[in-house]
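Notes to accompany the following structure.
Just so it is clear, none of the values below were taken in a lab; they were calculated from the coordinates. What you are looking at is a predicted structure, and each value in this text was computed from that prediction instead of being measured. No Cβ is skipped: glycine too gets one built from the backbone with ideal geometry, and neighbour counts run over all protein chains shown.
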Amino acid sequence: YKWIDEDRPTDPDPTVYSASDLLLITEEMLGSWSSIARVNRNDFIGPVADRRPKIREFLGVFKETGSFLCSMSGSGSGVYGVYEALPDASALGGFDGATMIPTRTADKVVQPIRIG
């Protein structure tokens, strides 16, 4: 959080908001991985990647290898990419020195259930 505070303007205009600041999440936005990719946001990426360039490099490699959704987990303990199909191992050379854990996800995103 310190890095976000350090990078924040000292006197921000309280009337200026980005579209994602005003975003209300709807069920349609969580209906598929591609719709989640459209609203994905992590405010830590800029400050962390500025100070840890390997993060930005790995996010770039995810994009270059066809990931349609890539980001950091939380404040940057890990980075991830979501692919339609895992790229060929030879395409993943940009991750040299990193620990990779290929996993599978559900074809469909589990829909939220309203309680009450």
Query raised in the report: Extension gain Glu64-Met100, at 0.36 nm per residue separation less the Cα-Cα distance, in nm?
Result: 11.3 nm
Report summary line: Label model pair Tyr83, Arg38: point-to-point distance (7 angstrom along the Cα→beta-carbon line) in nm is 2.5
Query raised in the report: Using the Cβ atoms and a cut-off under 11 Å, what net charge is assigned to the surroundings of Arg51, where Lys and Arg are +1 and Asp and Glu are -1?
Result: +1
